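Student: Mind having a look at this structure? Questions to follow.
Throughout, read-outs are computed from the coordinates displayed, never taken from laboratory work. Keep in mind that this is a model prediction, so the values were computed, not measured. Here the Cβ positions follow ideal geometry from the backbone for every residue, glycine too, while neighbour counts run over all protein chains shown.
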Ligand SMILES: C[S@@+](CC[C@H](N)C(=O)[O-])C[C@H]1O[C@@H](n2cnc3c(N)ncnc32)[C@H](O)[C@@H]1O
């Protein structure tokens with residue numbers, strides 16, 4: 001990602017998130033996430049996050065824990081304020097929180113509020129400074145839709161996952177048709193322009209999935225998906241019907257995608273073949289367990 005685009009993205013992102021009232025000076029705010037938003041400023045969104053996380057813990061994580069039988073090396077991709085890493089550490093796992101946003105309220109440096117040492121890493125999805133086969137599990141919580149190329153992002157992740165490792169995509173919008181997602185993206189940028197005077201499009205993030213893309217990724221990258229459809233309540237269930245009655249585009253769904261790369265079946269397209277070459281990244285690890293590799297506190 002070009003440095004100037006990344007900088008513009010982060011400036012815009014900080015402006016929007018701060019206007020939305022993200023973060024707090026109180027550690028209790030962070031420790032209550034995702035179940036309660038003690039600030040009351042984004043409660044509806046955190047209610048959904050809480051439901052998704054509870055579902056993930058009960059139906060996905062507990063099964064991986066049972067199968068593995070030891071603390072998991074987990075990569076929390078696009079970790080934001082690190083609430084997911086904190087929750088995983090409470091379950092005795094070894095998370096690494098990775099993000100390009102180091103903000104003290106809403107980014108990696110907010111981790112200071114949890115009262116435990118979480119490994120933090122300022123890095124991008126597409127250039128992961130880890131050795132091959134470092135993680136049992138990777139989680140993108142409300143983050144992979146910032147990717148500009150799902151194939152590139154997932155190929156890089158594949159390199160870092162252990163054989164039969166899982167990656168889980170939570171709280172990213174999934175549409176039935178691509179055109180619905182494209183409409184949402186255009187509406188979102190128009191809305192940013194009206195509110196903030198910029199479109200927040202310095203980086204061409206994809207911003208959504210559609211069913212065809214999910215199927216194509218499975219085919220091209222040899223992913224076995226387990227698709228979960230959590231129950232978010234009647235109000236959520238009613239959204240598509242309401243949209244239809246009002247003649248609006250269909251809303252997104254928040255399915256949870258639990259993916260495993262098929263072992264021994266590399267992607268057919270050499271363009272997307274996982275790299276085993278060392279990265280030029282300054283954060284490249286030199287040794288230690290996954291949670292230790294090149295992971296330094298973010299200042
Ligand atoms: C909506 S926030 C979600 C944060 C957190 N996972 C949560 O559930 O609250 C998306 C995060 O993805 C991060 N992000 C966006 N593009 C990224 C990239 N290319 N590499 C790493 N992180 C990225 C953003 O900085 C942001 O913190």
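Student: Starting from the Cα gyration tensor of region 61-205, take the square roots of the eigenvalues, sort them a ≥ b ≥ c, and report rounded, prolate or oblate (rounded when a/c is under 1.5, otherwise prolate if a/b is larger than b/c, else oblate).
Tutor: Taking the square roots of the gyration eigenvalues as a ≥ b ≥ c, region 61-205 is prolate.
Student: Hey, quick one: spin label on residue 224, modelled 7 Å out along Cα-Cβ, who in region 57-88 has an amide N within reach, i.e. under 17 Å?
Tutor: Residues passing the 17 Å test: 60-61, 63-68.
Student: OK, next. Would you compute, from DSSP H runs of 4+ residues alone, the mean residue ellipticity of the chain at 222 nm, taking -39500 (n - 2.57) per run and dividing by the full residue count, rounded to the nearest 500?
Tutor: -10500 deg cm²/dmol
Student: What's the FRET efficiency of residue 39 with residue 116 using the Cβ-Cβ distance as r and R₀ = 35 Å, to the nearest 0.05?
Tutor: Taking R0 as 35 Å, the efficiency between residue 39 and residue 116 is 0.95.
Student: Rounded, prolate or oblate: which fits region 1-111 when a ≥ b ≥ c are the square roots of the eigenvalues of the alpha-carbon gyration tensor, with rounded for a/c under 1.5 and prolate only if a/b beats b/c?
Tutor: It is oblate, given that a/c is not under 1.5 and a/b is not larger than b/c.
Student: For region 1-63 and region 201-264, what is the separation of their C-alpha centers, rounded to whole Å?
Tutor: When both Cα centres are located, 19 Å separates them.
Student: Taking R0 as 22 Å, what FRET efficiency do you get between residue 59 and residue 263 from their Cβ-Cβ distance, rounded to the nearest 0.05?
Tutor: Once rounded, the FRET efficiency stands at 0.45.
Student: Kindly identify region 3-272 as rounded, prolate or oblate by the Cα gyration tensor criterion: order the square roots of the eigenvalues as a ≥ b ≥ c, call it rounded if a/c is under 1.5, otherwise compare a/b with b/c, prolate if a/b is larger, else oblate.
Tutor: Because its axes are fairly even, with a/c under 1.5, region 3-272 counts as rounded.
Student: Another question, then. Suppose R0 equals 22 Å. What FRET efficiency, 1/(1 + (r/R0)^6) with r the Cβ-Cβ distance, do residue 212 and residue 126 give to the nearest 0.05?
Tutor: 0.45
Student: Which residue fluctuates the most in the chain, going by a Gaussian network model with Cα springs under 10 Å, if the choices are 74, 168, 263?
Tutor: Maximum fluctuation in the GNM of the chain, among the listed residues, is at 263.
Student: Still on this structure, please answer the following. If I model a spin label as a point 7 Å beyond the Cα along the Cα-Cβ vector, how far apart are those points for residue 239 and residue 19 in nm?
Tutor: Taking the simple label geometry, residue 239 and residue 19 are separated by 2.2 nm.
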